[in-house]
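Notes to accompany the following structure.
Since every read-out is calculated from the coordinates, none of them should be taken as a lab result. Please read these numbers as outputs of a predicted model, since none were measured by experiment. Cβ sites come from the backbone with ideal geometry, for glycine too, and all protein chains shown count toward neighbours.
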Ligand code: NI
């Protein structure tokens with residue numbers, strides 16, 4: 001459902017949890033990460049016990065118009081598949097030349113970014129830190145902490161989401177736990193599918 005963007009509107013987001021009472025969230029479970037994690041066997045084992053919630057997001061349904069702004073919140077839960085931290089699928093924008101901002105409200109996370117030419121960068125996010133994701137960069141949120149990693153985001157409403165490139169090729173880098181902290185390592189499976 002979309003709403004009238006030609007008049008002012010007000011929305012609510014809980015500051016700590018990112019939860020909006022104005023929408024139902026979209027949810028992504030372990031099973032949605034099939035084919036996207038480094039350790040597929042570990043994923044299968046976890047799914048046998050429970051298909052746990054990995055992340056959810058509130059997207060407010062702004063019409064895809066270039067003069068409007070899409071916004072919402074995203075909540076990535078703490079956890080790991082093998083030694084790889086819970087993360088969002090990540091995406092390029094269909095209109096590659098569009099940026100996005102993410103403001104961290106809670107937790108400790110990492111925004112992993114890469115462009116089609118192979119430049120990879122990341123930023124660490126804690127409450128009050130905002131990352132500017134430049135145009136042309138795919139972006140994935142990774143929870144490297146012990147509590148929910150909550151962010152508020154805004155981008156050009158017609159930017160669109162290209163999940164397919166990441167689903168097909170993967171990310172060039174993985175974020176894994178090493179000796180109690182995160183490490184960014186090469187993805188041995190990148191581009192191999
Ligand atoms: Ni985006």
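Working note: Cα atoms of the chain, range along each principal axis, descending, whole Å: 50, 35, 29.
All alpha carbon pair distances within the range 1-95 were sorted into 10 Å bins beginning at 0; the resulting P(r) in whole percents reads 14, 38, 29, 16, 4, 0. The angle between the Cα long axis of helix 40-49 and the longest principal axis of the Cα atoms of the chain comes to about 70 degrees, rounded to the nearest 10. Hey, with R₀ at 35 Å, roughly what FRET efficiency would residue 154 and residue 178 work out to, going by the Cβ-Cβ distance, to 0.05? So, using R0 = 35 Å, E works out to roughly 0.60.
As a rough footprinting exposure proxy, the listed residues 50, 64 were ranked by other beta carbons within 10 Å of their own, and the order from fewest upward is 50, 64. Subtracting the Cα-Cα distance of residue 48 and residue 95 from 0.36 nm times their residue separation leaves 13.1 nm of extension gain. Would you give the gap between the C-alpha center of the range 34-58 and the C-alpha center of the range 150-193, rounded to a whole Å? Here the answer is 15 Å between Cα centres.
Which one, 82, 109, 180, has the greatest fluctuation when you compute a Gaussian network model over the chain with C-alpha springs under 10 angstrom? Maximum fluctuation in the GNM of the chain, among the listed residues, is at 180. Compared with the alpha-carbon gap, the fully stretched path from residue 147 to residue 17 is longer by 45.7 nm at 0.36 nm per residue. Over the chain, DSSP H runs of length four or greater, each weighted -39,500 (n - 2.57), average out per residue to a 222 nm ellipticity of -2000 deg cm²/dmol. Only Cα pairs under 8 Å and 6+ residues apart enter the sum, and on that basis the relative contact order of the range 26-186 stands at 27 percent. Shown is the FRET efficiency for residue 69 and residue 115, computed with R0 = 22 Å from the Cβ-Cβ distance and rounded to the nearest 0.05: 0.45. Highest average first, the peptides 28-40, 113-125, 96-108 ordered by how many other beta carbon atoms sit within 10 Å of their residues are 96-108, 28-40, 113-125.
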